[in-house]
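Heads up, the thing below is written out as structure tokens.
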Amino acid sequence: MRGDILKQAPRFVLVLALSWGWAACGSDSTAPPPESGPTPFSFNLDGLPDAEAFLPASNPTTVEGVALGRRLFYDQRLSGDETQSCGSCHQQAFAFTDGGRRFSLGIDGIEGTTNAPAIINALYIPDLFWDGRSATLEEQALEPVPNPIEMHVEWDVAVARLQADEELVDDFESAFGTRTVTKELVVRAIAQFERTLVSNNSRFDKYVRGELELTPQELRGFDRYKFENEGDCFHCHALGGLFTHNVFANNGLDADPDPGRFANTGDEFDMGKFRAPTLRNIEVTGPYMHDGRFDTLEQVLDHYGGGMQDGPNFDSKLFLHLTQGRTFSTQAKADIIAFLKTLTDEEFLTNPDFADPNEK
Ligand code: HEC
Ligand code: HEC
């Protein structure tokens, strides 16, 4: 084991199983009571800070709930003209980003203004969306369905379509003990599925577990990533574990930045701050930043080395690098990028449990 190379040392496979007592929640009186409740879902959070996982007691993750949530995540009936699902903009092969697109297109062909974020280890994200305006995955999932530039359908209409599907209603019954479909249950199921999108089996994770060696270049990149007088990336994109501290920061994209978290809180102190995303699977999630302005990781490094702009709330951890005019050599960039690519988790990108069940 090489747990000692990281501050948050992954040590063992932790299987979290929530104790689950069946609670009859407003079940349809015509439906026979279920024999037993759904089965608790077992998480493998090896290498991740298990104590920080957000698993709300109000929506326990169950095998049946996850299976239903997966169907709903890929269900086009949740959009006005039944052409778009959550999975249209959040595609597994791209770590649940939108297939290299800078801005996603909604069903009416209208472009959004932010880049679709990855959905990776989202059970750890305390404030969702680039500006942190949503506190839970359940709350988040309510938004895209009626959003006029996304799926654009009234929830009542979408729910009625699902209610008419007997087979799907059976799945609601297995997951929640009721045959009455509601938007609250739809988003609870989707959130359960999203919580299972755990990535912790990249080459880097295998290196930490002592299962393989990294190349000399990848190891050099790792050093540069963590040395304060070099990349100094780890203050916001944690070293190991989640590869993010989920902090909101202004990383100097513009002197007059987009409002970011300010739009959500109205606090001047939040002007220009965005949530620092995880760097896991970063190889496949481009283009980068909240507005997808950078196509390549090389451009990202050109930003951090020479391209940053001072502005409101520009982060103090980057300030010295700005004033000292840090730049990265071609070699340094190549090394850091080689390291970042060790965070690609092929198993996550191809896990059949995360794929569209209709395409099996
Ligand atoms: C038209 C494309 C599109 C569709 C359809 C879509 N999303 Fe998104 N999603 C986005 C964009 C763009 C953002 C970023 C919005 C922002 O933060 O300003 C986002 C943000 C998110 C986030 C927040 C991730 C984070 O790191 O903060 C989650 C979770 C998410 N979407 C899940 C879903 C679910 C669940 C559905 C289906 C109910 C869905 N999305 C449908 C484009 C889409
Ligand atoms: C002060 C905190 C901070 C430091 C230090 C920092 N970043 Fe970031 N990083 C951020 C924030 C905040 C964002 C999101 C900014 C936005 O989209 O507006 C970001 C975004 C990124 C993205 C794009 C992620 C995506 O999904 O689009 C990459 C790649 C990245 N950083 C790599 C690095 C590397 C490599 C380093 C070290 C050279 C580094 N960062 C140092 C805060 C930081």
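Just a few scattered comments:
- Per-residue 3J(HN,Hα) values for the range 282-289, derived from phi via the Karplus relation 6.51 cos²θ - 1.76 cosθ + 1.60 with θ = phi - 60°, read 5, 4, 10, 9, x, x, 10, 5 Hz in sequence order (x marks Gly and Pro).
- The GluC sites (Glu not before Pro) of the range 190-229 that DSSP puts in a loop, and whose beta carbon has at most 12 other beta carbons within 10 Å, are Glu211, Glu213, Glu228.
- Listed values for the range 262-269 are Karplus-derived 3J(HN,Hα) couplings in whole Hz (6.51 cos²θ - 1.76 cosθ + 1.60, θ = phi - 60°), namely 4, 4, 8, 9, x, 8, 3, 5, and x replaces Gly and Pro.
- Residues in the range 127-134 carry Karplus couplings, in order, of 9, 8, 6, 4, 9, x, 7, 10 Hz; the curve used is 6.51 cos²θ - 1.76 cosθ + 1.60 with θ = phi - 60°, and Gly or Pro positions show x.
- Shape call, the range 187-302: gyration tensor on alpha carbons, a/c limit 1.5: oblate
- Share of pairwise Cα separations in the chain, more than 33 Å, in percent: 32
- Extension gain from Arg133 to Ser36, taking 0.36 nm per residue of separation minus the Cα-Cα distance: 31.2 nm
- Those trypsin sites (Lys or Arg not before Pro) in the range 88-133 that DSSP places in a loop and that have at most 15 other beta carbons within 10 Å: Arg133
- Per residue accessible area in Å² of the chain, where ligands, DNA and RNA are left out and the probe is 1.4 Å: 45
- Inter-centroid distance (Cα atoms) of the range 122-153 relative to the range 213-234, Å: 34
- Spatially near lysine pairs across the chain, Cα under 15 Å, sequence gap of 8 or more or different chains: 6
- Between Ala334 and Ala93, residue separation times 0.36 nm minus the direct Cα-Cα distance comes to 84.4 nm.
The values are calculated or read from the model by the stated rules, or taken from the named source; none is laboratory data. Note that the structure is predicted; figures quoted are calculated from it, not measured. Cβ: placed from backbone, ideal geometry, glycine included. Neighbour counts: every protein chain shown. Protein only, heavy atoms only, side chains kept; ligands, DNA and RNA dropped before computing areas. Shrake-Rupley method; radii C 1.70, N 1.55, O 1.52, S 1.80 Å.
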